[in-house]
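First the structure, in the form of C-alpha cells, and then the observations on it.
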Amino acid sequence: MSATAETVEQVKSISGEKYKYGFVTDIAADKAPKGLSEDIVRFISAKKREPEWLLEWRLKAYRRWLEMPEPQWSKVQFPPIDYQQYHYYSAPKSDDDRPKSLDEVDPELLATYEKLGIPIKEQEVLAGVAVDYVFDSVSVATTFKKKLEEVGVIFCPISEALERCPDLVRKYLGTVVPVADNKHACLNSAVFTDGSFVYIPPGVKCPMELSTYFRINEMNTGQFERTLIVADKGSYVSYLEGCTAPMRDENQLHAAVVELVALDDAEIKYSTVQNWYPGDEDGKGGIYNFVTKRGACRGRNSKISWTQVETGSAITWKYPSCILQGDNSVGEFYSIAITNNAQQADTGTKMIHLGKNTTSRIISKGISAGKSDQTYRGLVKISPKAEGARNYTQCDSLLIGDKCGAHTVPYIESKNKNAIVEHEATTSTISEDQLFYLRQRGIPEEAAVALVVNGFCREVLQQLPMEFAVEAQKLVGISLEGSVG
Amino acid sequence: MLEIKDLHATVQGKEILKGVNLIIEPGEVHAIMGPNGSGKSTLSYVLAGRDGYEVTGGRIIYEGEDLTELDPEERAAKGIFLAFQYPVEIPGVPNSTFLNEAVNAVRRYRGEDELDKIQFVKMLRAKTKELNMSDEMLKRAVNVGFSGGEKKRNEVLQMAVLEPKLSILDETDSGLDIDALKIVSDGVNALRAPDRSSLVITHYQRLLDYIVPDKVHVLARGRIQKTGGKELALELEKNGYADYAGEEAA
C-alpha cells in the first residue's frame, strides 16, 4: 500500500470520513530545516533568488518579530506556539524546473486538486476561472495567463512578480499591512514563501474571476502566503480564495497577509471560502488561522468588498479591514463564520473612515454549534476629517445547542459630529418549531438545520460569485454535521 | 388508512389524551371538534410525531404499520401531512427552495429519483396554477411577512405539492376571513380522492360547510365522546360544547 493510500485508510478509520479533504499527497518536498532563525530567513530569500532590498525587509521584520508580544486581546485560547517546531519553507522538488504547462505538472499533484473538487482542466473550460494554485508554498500552475496578459492584467505568484515587475511590488508591499502591524503579520513578512500578486491596469475590468486555492500539505509546515492586489484607477477585479488542508493531529500555523490597494474609482471584491481542517470532535489538531487582511481605498470613489465564509480551522483570528482614505470610498464586509465541536473563532472587521463621505457596511452572520466559541469583534472608526461618513453594521448570531457561545464586541469611535453609525445585533437559536415544521415536510433533521442556517446566511451567500456560492452552501451543511440530535 | 387504538399521550408529564379510539378508511374525511384544551392539537402533534409529545399507551396504526417509533420526517415520507395552525417562519429560505428540499427528501426516502430543477419548477407551476396562487409567493421566504390567510394558503400549496395520503388540518380555519376560507377549502377538496383521507380539526362548524366530512367526532377531556355524521357539527354549533365540558375544559 502506498503511503498515500495508507494515510487515506487511516484517516477514514479515525474520522469516519467526516473531513472529506483529509488526505496527504506523497511528493518529495524540498524543505528548509525545522525552526526559525536569521539563517532560515536568508535561506528562504536565497531559494527564491530575491533582490537585496527584500532580504533586508525580511530581516527587519524578523528582528521586530523577536521582540513583539503575541496579541492577547482576542477571546481565543491556545497553548503557547512553539515556533521552532515548524518548517518555514517547503516546495515541491521541481522548483528549479517549473512546469511550462499543465502536462508537466506532477500528476499526483493534479490528483490532489481533483480530490479537492477543482480539476484544473475542468475549471479552465467550465468555470472560466484563472487559478493560481498554491501548493504548500510555491505556485505550480497558473492558468489563463495569456488571456489576462492581453488586457495587461498581471496575475502570478508573488515570487514571479518580483522578477517581472519588481518596482510595482516594492511600491505597494507592506504599505497596507506594515511589517510590524502585529506579531503574526510580522512573522509572515519575515518568512512568507508565496502567494499571489495581482495588478489591474487603469480602466481595465478584469475579464474573469481570479482564484487561488491554498492548501497546506507537508507535515509541520506553516503556510505564510502573502497576497498583494493592486487595482489601478478605474479598474475592477474579483478575487476568490479557497482553502483546505489535510487532517493532522498536531496544530499547524497559518499566518497569511493579504493587502489590497484600490486607486481612484477602482473596485476590488475579495471572497474567501475557508475550510482548513478544524481538528477533531475533541479539539485535537486543526489549523491556527491567524490572518491579517486589509484593504486600502486610497483613491476617490474606490471600493473594497470582503466576503468570507469561514467554516474550518481550530482557531480563526481574522479581521479583514478597510481603510477608507479616498473621499466617497466604500468598504464592505460580509461574513459567515461557522464553528462546531471545539472550534474557536474571533473574527470581524475594521472600518477606518478617513475621507469625506466614506461609507461602510458590515453584515456578519455567526453560527455556533457543539461546544464551540465565537466572537464578532469589529471596529468602526470615524476620523475628525471624515465629514458625512456613514456606517451600517448588522451582527446576527445563531446558536445551535446549549453548550456553544456567541459574543459580539463592537467598538465604535466617532470623532466627527456629522457621522452616522448604526449597529444592530441579534442572537437567536434554531427553534424547535422550525425544526419540527421542516421535518414534518419530510426533511431530515440535519438537512433541516442546514436549511435554516443557509437561510440565516442568505444575505452573505448572495454576495459570493456563483461558482463559490454553491460550494459554500454545501459547506454550511457539512460543517454542521453532528451538531444536532 | 388510520387506526388509533386506546391512545394515551402526555405532554410535560401531564396526560392529555386518555384513550382515543378512531378509525379512518381510505377516501374518508373525518372532523374532530371539541372545546379548547380538549386535546385536539395534541392529537395532531402525536400523529405527526413531535418531540415532547409522548405516547404512553395504545397504538397508531397507519397503513398497517405502527407509527409510534418513527421520526416526524419518516412519517411525512410515508404520506402524513400536518397543516399547522400556526405555520412557522423560516427567514431567508425561499418557499420554492423549501418545497424542492421537501419533495426530494421524501422521494429519496421512498427510493424514487429526485426531481431535477426543471421537472420541479414545472410541477410547482402546475400546482400554483391549479390553486390559483401567484408565483410571487414562491420567491418569498417561507411564511415570513405572510398574512394569516397567505400562511394557510401556503400550507395548502405544500399539501398539494407533497400529495399526502393522510392530511391532518389543525384548526386551519382559525384567523381566516370567508374568502380565504373558501380558497383553502377548495384546495383541500381538490385533493380528495378514493385513496386519500383527511382529518380536519376545528373548533367551529363553519369550515365543515366547505369541507364536508363523512364523520364528525367530539373530542373532550382527552377522549372521543361522541361520533356522528355531518349533522353532529350543526348540533354542536347550536348547543355548544356544554354537554361535553368536564372540569378540565376551558
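Every number here is computed from the coordinates shown, using simple stated rules; none is lab data. This structure is a prediction, so every number in the text was calculated from the model and none was measured. Every residue, glycine as well, gets a Cβ built from its backbone with ideal geometry; the counts of neighbours run over all protein chains shown.
Worth pointing out:
- Max mean-square fluctuation residue, GNM over chain B, Cα-Cα springs under 10 Å, options B:Glu136, B:Glu74, B:Glu25: B:Glu136
- Taking every residue in B:71-79 and counting other chain Cβ atoms within 10 Å of its Cβ, the average works out to 5.
- Taking amide H as placed 1.01 Å from N in the peptide plane, the amide H of A:Ser397 sits under 5 Å from that of A:Gly366, A:Thr426, A:Thr427, A:Ser428, each at least 5 places away or on another chain.
- Considering only alpha-carbon pairs that sit under 8 angstrom and 6 or more positions apart, the relative contact order computed for chain B is 29 percent.
- Placing R0 at 22 angstrom, the Cβ-Cβ distance between B:Gln12 and A:Glu446 gives a FRET efficiency of 0.25 after rounding to 0.05.
- Label zone at A:Lys417 (point 7 Å along Cα-to-Cβ), backbone N below 14 Å, the stretch A:387-406: A:387-388
- P(r) tail, the stretch B:1-135: Cα-Cα pairs separated by more than 19 Å, 60% of all pairs.
- Working note: Karplus 6.51/-1.76/1.60 with θ = phi - 60° gives the stretch A:386-393 the couplings 7, 4, x, 5, 9, 9, 10, 10 Hz, where Gly and Pro are set to x.
- Centre separation in Å (Cα based) which lies between the stretch B:33-93 and the stretch B:119-192: 19
- All-pairs alpha carbon distance profile, the stretch A:322-375, 5 Å steps from 0, percent: 6, 20, 21, 14, 12, 11, 8, 6, 3
- At an R0 of 51 angstrom, the distance between the Cβ atoms of B:Glu235 and A:Gln394 translates into a FRET efficiency of 0.35.
- The distance between label points at B:Asn189 and B:Arg107 comes to 3.1 nm (points 7 Å beyond Cα on the Cα→Cβ vector).
- Based on DSSP H segments of at least four residues, each scored -39500 (n - 2.57), chain B has a per-residue ellipticity at 222 nm of -10500 deg cm²/dmol.
- For A:Ser238, the residues whose amide H sits under 5 Å from its own are A:Leu210, A:Lys269, ignoring neighbours fewer than 5 places away on the same chain, with H placed 1.01 Å from N.
- For the stretch B:2-244, the average shadow cast by the Cα convex hull is 12.8 nm², which is a quarter of the hull's surface.
- Distances between placed amide hydrogens fall under 5 Å for B:Ser198 paired with B:Glu28, B:Val29, B:His30, B:Ser167, all partners being 5 or more residues away or on another chain.
- For the pair A:Asp402 and A:Leu379 in one chain, pulling the backbone fully straight at 0.36 nm per residue adds 5.4 nm over the alpha carbon distance.
- Neighbour counts of other Cβ atoms within 10 Å put A:Cys165, A:Cys322 in the fewest-to-most order A:Cys165, A:Cys322.
- The residues neighbouring A:Asn182, those whose beta-carbon lies less than 15 Å from its own, together hold a net charge of +3 under the Lys/Arg +1, Asp/Glu -1 convention.
- Packing-based order for B:1-7, A:66-72, using average beta carbon neighbours within 10 Å, highest first: B:1-7, A:66-72
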